[in-house]
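Remarks on the structure that follows.
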Amino acid sequence: MEMLALLARLVAERGMMLLFISHDLPVVAGIVDDGQVMRAGAVVEEGPVREVFATPAHPYTRELLAAAERFDRALGAA
């Protein structure tokens, strides 16, 4: 988390843009404003991350979010 805080600080202080690529959806939700969901190298959905995660329009986005929820539940049960 220290690295994420450093990245956020640099973006804010220097007015930088950050390209952040990750499969960790909670981290994505916490660090970026706008995002794209890609499947097989093609963008299938894009927009404000909070909106995309709250109301996913593409079936692949819904599958990713459901998988993340299952993973979180499995970790909570461990």
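Laid out as a table, the results:
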| item | result |
| --- | --- |
| For the range 13-28 versus the range 30-52, the gap between their alpha-carbon centres in whole angstrom | 11 Å |
| Amide proton proximity set for Glu45, modelled H, under 5 Å, gap of 5+ | Val37 |
| Over the chain, equivalent-ellipsoid semi-axes from the Cα gyration tensor in Å | 23, 18, 10 |
| Among Arg39, Arg50, Arg62, residue whose mean-square fluctuation peaks in a GNM of the chain (springs only between Cα atoms under 10 Å) | Arg39 |
| Electrostatic dipole magnitude of the range 2-77 [Cβ: Lys, Arg +1; Asp, Glu -1; Cα centre; debye, to 20] | 100 debye |
| Lys/Arg +1, Asp/Glu -1 at C-beta; the chain dipole; positive extreme among Val32, Thr55, Ser22 | Ser22 |
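FYI, it's all coordinate maths here, none of it is from the lab. Everything numeric in this text was worked out from a predicted model, so none of it was measured. As a convention, Cβ positions derive from the backbone with ideal geometry for all residues, glycine included, and neighbour counts pool all protein chains shown.
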